[in-house]
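Participant: Below are the structure tokens for one structure; questions will follow.
The values are calculated or read from the model by the stated rules, or taken from the named source; none is laboratory data. No experiment lies behind these values; they were computed from the predicted model shown. With ideal geometry, Cβ positions are generated from the backbone for all residues, glycine too; neighbour counts draw on all protein chains shown. Just the protein is used for accessible areas: all its heavy atoms, side chains included, with ligands, DNA and RNA removed. Shrake-Rupley method; radii C 1.70, N 1.55, O 1.52, S 1.80 Å.
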Amino acid sequence: MHSVTDPADPHERLLDACCAAIERGEIDVLFQPQFRIQDGAIVGAEALARWAHPIDGAIAPEMLFMLAAERGCVPQLTRHVAHRALAVAAGWPDHLRLSVNITPADVAAPGFASDFAALVAQARFEPARLTVEITEEVLLADVQAAAAVLGKLRALGIAIALDDFGAGFCNFRYLKLLPLSGLKLDRTMVEGIADDPRDLAVLRGICAMARALGLVVTVEGIEMPAQLAAVSGESCETYQGFLSAPPMSAADFAQLAAQQR
């Protein structure tokens, strides 16, 4: 039973409302376009949760998932976002991919892999066009158990990407143990690459390692042309960032994608 909270405290107010908002379907899904570095073509989008709170305004995905974790409703939130995103992406042209995020609570939940697979099948979305993004936090408790869960998804044809690479511990052991398809470099990995040779050298080393392991490299947080120029010379495949497009509604993403056809 929750303790009595102060409604004037924004954090407590959001805590009290987040699970109910999920149940009522008030959590919206935006789509961050992803582009092929080689020619700038749209290759897909990452689904991002957004909550327009009537008092506190737009709540970012990181804050929303933190609130849901405190209230124990992360699995419901992940399912809600995946369900809505898959329903939208099912209507996309066949060459576009969808990326969705999963959390430690999801991986630890009994039957997660089969439940997630059922969501994909229900949406009639081709598993080979889907990427599941995980962070190192998912793996800290039990990497072997996480590898087993992710292996079940990979067996269905779903790609697995290690998200926010470079922001955490960068435990390279995970690259050996997990059934990964790709790395998604955190925005902190590209902030200084346009003018700092050391930052560029780090990026170059990670990309070389990824190539040796057969991993696709996606870069997030591209905000300047110089950053895009730098990653284009390092065999990174795709990118996302405000330089080309912010997160947007499903309708706006469909219109943007149609303009490139």
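Participant: In Å², what does the accessible area per residue of the chain work out to with a 1.4 Å probe?
Facilitator: 48
Participant: If you build the convex hull over the alpha carbons only and average its shadow over all orientations, what do you get for the range 179-261? Give it in nm² to one decimal.
Facilitator: For the range 179-261, averaging the hull's shadow over all directions gives 6.3 nm².
Participant: Could I ask something else about it? With r defined as the distance between the Cβ atoms of Glu126 and Ala212 and R0 fixed at 41 Å, what FRET efficiency is calculated, to the nearest 0.05?
Facilitator: Working from the Cβ atoms, E equals 0.90.
Participant: Something else: Can you compute the charge dipole magnitude of the range 89-187 about its Cα centre, using +1 on each Lys and Arg Cβ and -1 on each Asp and Glu Cβ, nothing else charged? Give it in debye, rounded to the nearest 20.
Facilitator: 300
Participant: Per residue, how much space in cubic angstrom lies within the convex hull of the C-alpha atoms of the range 26-163?
Facilitator: Here the figure is 118 Å³ per residue.
Participant: Same structure, new question: Name the residue, out of Val120, Val217, Val202, whose mean-square fluctuation peaks in a Gaussian network model built on the chain with Cα pairs under 10 Å.
Facilitator: Looking only at Val120, Val217, Val202, the biggest GNM fluctuation is shown by Val202.
Participant: Using just the Cα positions, wrap the range 1-102 in a convex hull and report its mean projected area in square nanometres, one decimal place.
Facilitator: 7.5
Participant: Go ahead and set up a Gaussian network model of the chain, Cα springs under 10 Å, then flag whichever of Pro33, Pro61, Pro179 fluctuates most.
Facilitator: Pro61
Participant: Here's a follow-up. D for the range 89-232, whole µm²/s, Stokes-Einstein with Kirkwood Rh over alpha-carbon pairs at 4 °C and 1.567 mPa s: what number?
Facilitator: This corresponds to a translational diffusion coefficient of 80 µm²/s.
Participant: For the range 92-138, go through all pairs of different Cα atoms, get the mean of 1/r, take its inverse, and jot down that Kirkwood value in Å.
Facilitator: Evaluated on the range 92-138, it is 11.7 Å.
Participant: Share of antiparallel DSSP beta bridges in the chain, in percent to the nearest 5?
Facilitator: Restricted to the chain, the bridges split so that about 45 percent are antiparallel.
Participant: In addition: Summing +1 for each Lys or Arg and -1 for each Asp or Glu, what net charge is found among the other residues whose Cβ lies under 14 Å from the Cβ of Arg79?
Facilitator: In short, -2.
Participant: What Rg and what Dmax come out for the chain when only alpha-carbon atoms are used, in angstroms?
Facilitator: Spelled out, the Cα radius of gyration and Dmax of the chain are 18.5, 56 Å.
Participant: With all protein chains present, how much of the accessible area of the range 94-222 (probe radius 1.4 Å) comes from carbon and sulfur, to the nearest whole percent?
Facilitator: That fraction is 55 percent.
Participant: Right, something else. Which one, Leu203, Leu243, Leu98, has the greatest fluctuation when you compute a Gaussian network model over the chain with C-alpha springs under 10 angstrom?
Facilitator: Checking each option, the largest mean-square fluctuation is seen for Leu243.
Participant: Could you give the distance between the Cα centres of the range 9-27 and the range 162-238, to the whole Å?
Facilitator: Each part reduced to its Cα centre gives a spacing of 35 Å.
Participant: How would Glu23, Glu191 line up by accessible area, probe 1.4 Å, largest first?
Facilitator: Glu23, Glu191
Participant: Place a +1 charge on the Cβ of each Lys and Arg in the range 1-124 and a -1 charge on the Cβ of each Asp and Glu, then give the dipole magnitude about the Cα centre in debye, rounded to the nearest 20.
Facilitator: Here the range 1-124 has a charge dipole of around 480 debye.
Participant: Please give the contour-minus-distance gain from Ala117 to Ala58: 0.36 nm per residue of separation, less the Cα-Cα distance, rounded to one decimal in nm.
Facilitator: 18.2 nm
Participant: Taking the Cα centre of the range 171-244 as origin, work out the dipole magnitude from +1 charges on Lys and Arg Cβ and -1 charges on Asp and Glu Cβ, in debye rounded to 20.
Facilitator: Rounded to the nearest 20 debye, it is 440 debye.
Participant: In a shell of Cβ-Cβ distance under 12 Å around Ala90, excluding Ala90 itself, what net charge do Lys and Arg (+1) and Asp and Glu (-1) give?
Facilitator: So the surrounding residues net to +1.
Participant: Turning to a different aspect of this structure: Summing +1 for each Lys or Arg and -1 for each Asp or Glu, what net charge is found among the other residues whose Cβ lies under 14 Å from the Cβ of Ala128?
Facilitator: Result for the local shell: +2.
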